[in-house]
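The values are calculated or read from the model by the stated rules, or taken from the named source; none is laboratory data. Remember, predicted model here, so these are calculated numbers, not experimental data. Ideal geometry is used to build each Cβ from the backbone, glycine not excepted, and the neighbour counts take in all protein chains shown. Keep in mind that these areas ignore ligands, DNA and RNA; they rest on the heavy atoms of the full protein, side chains included. Shrake-Rupley method; radii C 1.70, N 1.55, O 1.52, S 1.80 Å.
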Amino acid sequence: MTDLLEIEGLDVEFPTRRGTVKAARGVGLRVARGEVLGLVGESGAGKSTIGAAIIDLLEPPGRVAGGRIDFQGESLRGRSEAEMRRIRGDRIGMIFQDPQTSLDPLKTIGEQLVETIRKCLGLNEAKAKARAEQLLVDVGITEAKTRLGAYPHQFSGGMRQRVVIALALAGEPDLIIADEPTTALDVSIQAQILDLIKALCRERNVGVIIVTHDIGVIANIADRVCVMYRGEVVETGDVAQILGAPRHEYTRSLIAAVPRADRRLPRFASVDYIEGGASAFRRIDVKTHWLGAAVREAKGEGPALSVAGLDLSFTLRRALLPKNRKMLKAVNDVSFDVAPGETFGIVGESGSGKSTVARIIAGLYKPDAGVVRLMGQDVSTAPRDPKARAARRSLQMIFQDPYSSLNARMRVLDIVAEPIRFFRLAESEAEVRRIVGDLLDHVGLGAAAARRYPHEFSGGQRQRISIARALASRPRILICDEPTSALDVSVQATILNLLRDLQEELGLTMLFISHDLPVIRQMCDRVAVMRHGAICEIAPAERLFEAPGHDYTRHLIDLMPSMDLLEPTPA
Amino acid sequence: MVAFILRRLMQSLLVMLAVSAVSFSLFNFVGDPVNNMVGQDATREQRQQIRVELGLEDPILVQYSRFVGNMVQGEFGVSYRIRRPVEDLIMERLPATLELVFVSAILAMGFGIAAGVYTGIRRNSWLSRVLLSTSLVGVSLPTFIIGIGLIYLFAVHLRILPSSGRSGTVDLGWWKTSLLTREGWASILLPAITLSLFQATMILRLVRAEMMEVMRTDFIKFARARGLSERAVNFGHALKNTLVPVITIIGLNIGNLIAFSVITETVFQWPGTGLMFIQSVDFVDVPIMSAYLVFVALMFVIINLVVDILYVAIDPRIRIGSA
């Protein structure tokens, strides 16, 4: 049987002013009909570049510098733009990552489908319309006829991704390249979309390449796997072999870094193979250092953080008459206590209100009702009270997106020093600088980073800057809102290790918010499960995973990608 | 949709009331209208009599409501200088200004959008570079210099277009137009180009920036990956998505064209409302000034209303939010 797609020795180059960057070097892979090939790797591995190179849509100035790309026995290299246009959509379909942005917001999905079908299959308007309707049915969208007239924003994320898949299938392609098709989706939707892709692959006997950084996705859907690292394929093989008995050292460390959902480990396996991970910097002794001062002064009585009866509604539609108003109850009667030194997790899907709770506690939103107490001090009813202000200082927040949460125009020194200066926690400017240097050393970034600007750092390093900044006001409570969901798994492991170490040393109380159940299991002592703004269940982490009490919790746990394949297979 | 338009109309009404208040206060604070109307030797009694006749002795709110009432009926009083009703003067001059603004807006949009799309898509072609660098001239040179330069080149040197004035008009009874004769077009061309140059540059740069932004989006990549033709991608998907911000700016700029036509009309001695306004400033002709103020504000309000309605027509997401 000949392969559908065969790539050999593929080189992709991006000429830049500072020399040529090789995004792919000697890449070889093959896909057969009815097979799902997983292309896995971390950011910068060049996995998306391969997909773009196949259909000749590399971002300029990128170009294919060498190698073979054979599709159904014919070479795809050196084709004219017009020839490639007949291949794109007709014979090779693409699915992109973010369903929010892959559809033209100003056209109905019917218009977009009909346009593509007419181009690919040469049908007339009426036939194309009937075909579009059938496609929507195929990807599991009900009431297809009326939905054709809807605009993308009228669909939920998962439904939009179904529309994207329908568009990719419109030209009846033989190969589908899916670039991170489920990364932007909730777990429950993710499982549905993966099932859909797998089913379509089998029914239509098409080849599928799934590009992803997520080992869980690979474990769920792929038949064979290619592991990429820095532009090279380091290992190719059967999915069970790659995940169960990886041969290459990189694959081994990558898989070790994946948070386990099935049991709790004391620490994440350190990923030595990956550079820029655990680098050894001087660590300070918090017992004597400025940073530890608040720990030594702390008197432990009662919960560190306590919220009771929080309510918050957002107005979706303003109107004069109350019956026309539309409100969204984002947080509905949320109460919990967090003991000093405890890590309390909040888990839920997007829209469950978990981030909103964090923001209420941090004082970014004012609740409609309810009380927030930090170290026993009510901070929500009279936020301007000096006592409340002082209590607020003991709380700091680490945000999800390391790219937008640091001021790009400030040096790292000033970013980290800002809370120290603002709260006058140091005697002199010289001391401020010394403390900032110590903090940067302590979070594993090195004091030399102080002179640089945020854009010079990678996502993981930026998150370390955020952590240093949060520590700079000597907090007792740390709110981490999805602190690692924008990071690669190996980086995630090092950041989570760092957070744990800090918590242990400083006795920090942590509120840890995540949609990622395995991460929650590794990090948290107790967990609250949220849905539609309300808490379904609060339980110690281990009990929650072993014996979930609420139906919704059970549902979420069932949806976690199975990691059975990660168990080493007896050789 | 209807509720949305009604709400916008209400807001427009409020704006117009605020402007009319400013315009009304001109009468009370800029000079003494009586002084402007009577001779040096008028007696105190004569002055007082005129004040009563003009209603200047009434309470301020009564005066203001009378002012608004007259304004709504299109009455703006009598020009101090020319001694004719202001509304007649404006109606005589308005066609000239509106035609000038209309022609230059068409020029600015036609050139600006076409060149913006071109330079946005073919970023590195030599034509794009030439367009971008020459367009800098459009923003950096003051309007009157461009006007004088054009007059020198086309009227004095080449002698193919008239240097100033508005000739070749045809009277349609209610509107004197210069767009029906060759002569009329010849006389409107230079001022319209002068007036449009700055706007064209703005639109070019805005459309280019928006196009480049949109070309980077996922849905454009996805459209390409489906093999859609260049034309469908560039015009069907990309251009339409640049329109919302572009329309905002174009709308505000057409308002500016009306307001800034003052300079162009002066340079080309174009008999429009702008020229009339400048002349009335010289003579502290308050009725004309205040009427002009109201008129410009009305134009802005109408254009913005049209822009808002266009938004809704273009972007379905706005429909949901406001309906």
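In region B:209-323, inverting the average of 1/r over every pair of distinct C-alpha atoms gives 17.2 Å as the Kirkwood radius.
What shape does region B:205-250 have by the C-alpha gyration tensor, where a ≥ b ≥ c are the square roots of the eigenvalues, rounded means a/c under 1.5, and otherwise prolate means a/b greater than b/c and oblate the rest? Prolate, since a/c reaches 1.5 and a/b exceeds b/c. With R₀ set to 60 Å, the beta-carbon distance separating residue B:152 from residue A:382 gives a calculated FRET efficiency near 0.25. Extent along the principal axes, Cα only, for region A:53-184: 47, 34, 23 Å, with the longest axis given first. Radius of gyration (Cα atoms) of chain B, expressed as a multiple of 2.2 N^0.38 Å: 1.21. Quick check: from the Cα gyration tensor, does region A:130-170 come out rounded (a/c under 1.5), prolate or oblate? Cα axes put region A:130-170 in the oblate bin.
Under Stokes-Einstein, with the Kirkwood radius over Cα pairs as Rh, the value for region A:5-256 at 37 °C and 0.692 mPa s is 176 µm²/s. Using θ = phi - 60° in the Karplus curve 6.51 cos²θ - 1.76 cosθ + 1.60, the 3J(HN,Hα) couplings for region B:255-263 round to x, 4, 4, 5, 5, 7, 4, 3, 5 Hz; x is entered for Gly and Pro.
Relative to the 2.2 N^0.38 Å rule of thumb, the protein assembly as shown has a C-alpha radius of gyration ratio of 1.19.
Once both labels are positioned 7 Å from their Cα atoms along Cα-to-Cβ, the gap between residue B:56 and residue A:124 label points is 7.8 nm. Based on the reciprocal of the average 1/r between different C-alpha atoms, the Kirkwood radius for region B:2-72 equals 14.3 Å.
Heavy atoms of chains B and A lose about 2300 Å² of accessible surface on contact, summed over both sides with a 1.4 Å probe. Considering only B:170, B:286, B:76, and ranking their Cα positions along the charge dipole of chain B that arises from unit charges at the beta-carbon of Lys, Arg, Asp and Glu, the one farthest toward the positive end is B:170. Taking amide H as placed 1.01 Å from N in the peptide plane, residue A:369 has its amide H under 5 Å from the amide H of A:311, each at least 5 places away in sequence or on another chain. In region A:189-264, one over the average inverse separation of all distinct C-alpha pairs is 13.5 Å, which is the Kirkwood hydrodynamic radius. The amide H of residue A:537, built 1.01 Å from its N in the peptide plane, has A:529 as neighbours under 5 Å, considering only residues 5 or more places off or on other chains. For chain A, the longest principal axis of the C-alpha atoms and the axis of helix A:109-121 are separated by about 30°. Pairwise Cα distances in region A:20-121 exceed 21 Å for 45 percent of all pairs. Our coupling estimate for region A:391-406, obtained by passing each phi through the Karplus curve with A = 6.51, B = -1.76, C = 1.60 and θ = phi - 60°, is 5, 4, 4, 7, 10, 9, 10, 10, 9, 5, 8, x, 7, 9, 8, 10 Hz, Gly and Pro reported as x. Gain on full extension, evaluated as 0.36 nm per residue between residue A:451 and residue A:260 minus their Cα-Cα distance, stands at 65.0 nm. The H on the amide N of residue A:446, modeled in the peptide plane, is under 5 Å from the matching H of A:441, each at least 5 residues off or on a different chain. Each Lys or Arg adds one and each Asp or Glu subtracts one; over the other residues with Cβ under 13 Å from the Cβ of residue A:118, this totals +1. Measure nothing fancy, just the Cα-based angle from helix A:489-506's long axis to the longest principal axis of chain A, in degrees from 0 to 90, nearest 10. With rounding to tens, the tilt is 10 degrees.
Note on region A:227-259 and region A:106-130: Cα centroid distance 41 Å, given to the nearest whole angstrom. Couplings for region B:105-114, taken from phi via the Karplus curve 6.51 cos²θ - 1.76 cosθ + 1.60 with θ = phi - 60°, read 5, 4, 4, 5, 5, x, 5, x, 6, 4 Hz in order; Gly and Pro are left as x. The residue list A:23, A:164, A:364 was ranked by how far each Cα lies along the charge dipole of chain A toward its positive end, using unit charges on Cβ atoms, and A:364 comes out on top. What you get for region B:2-72, charging only the Cβ of Lys and Arg (+1) and of Asp and Glu (-1), is a dipole of about 440 debye around the Cα centre. Here the simple spin-label model places points 7 Å from the Cα toward Cβ, and for residue B:235 and residue A:525 these points are separated by 6.7 nm. Loop-located GluC sites (Glu not before Pro) in region A:398-476 (DSSP state other than H, G, I, E, B) with a sparse environment of at most 10 neighbouring Cβ atoms within 10 Å: A:427. Beta-bridge orientation, chain A: approximately 55 percent antiparallel, per DSSP, counting only bridges with both partners inside.
In this calculation the C-beta distance from residue A:205 to residue A:285 is compared with R0 = 51 Å, giving a FRET efficiency of 0.20. Taken along the Cα-to-beta-carbon direction at a fixed 7 Å, the label points for residue B:9 and residue B:159 span 5.7 nm.
Length available on full extension from residue B:81 to residue B:47: 0.36 nm per residue minus the Cα-Cα distance, which gives 10.4 nm. Relative to the longest principal axis of the Cα atoms of chain A, helix A:157-169 runs at roughly 20 degrees. What is the pair-distance distribution P(r) of region A:212-256, computed from all Cα-Cα distances in 10 Å bins starting at 0, with each bin given as a whole percent? It works out to 29, 65, 6, in whole percents.
Just add up the charged neighbours of residue A:459: K/R +1, D/E -1, any other residue whose Cβ is under 14 Å from the Cβ of residue A:459. Residues near residue A:459 contribute -3 overall.
Measuring r between the beta carbons of residue B:91 and residue B:28 and using R0 = 35 Å, the FRET efficiency lands at 0.85. Compared with the alpha-carbon gap, the fully stretched path from residue A:554 to residue A:22 is longer by 187.0 nm at 0.36 nm per residue. The charge dipole of chain B, taken about its Cα centre with unit charges on the Cβ of Lys, Arg, Asp and Glu (plus for the first two, minus for the last two), comes to roughly 1660 debye. Ranking of B:118, B:311 by solvent-accessible surface, largest first: B:118, B:311 (1.4 Å probe, protein heavy atoms only, all chains present).
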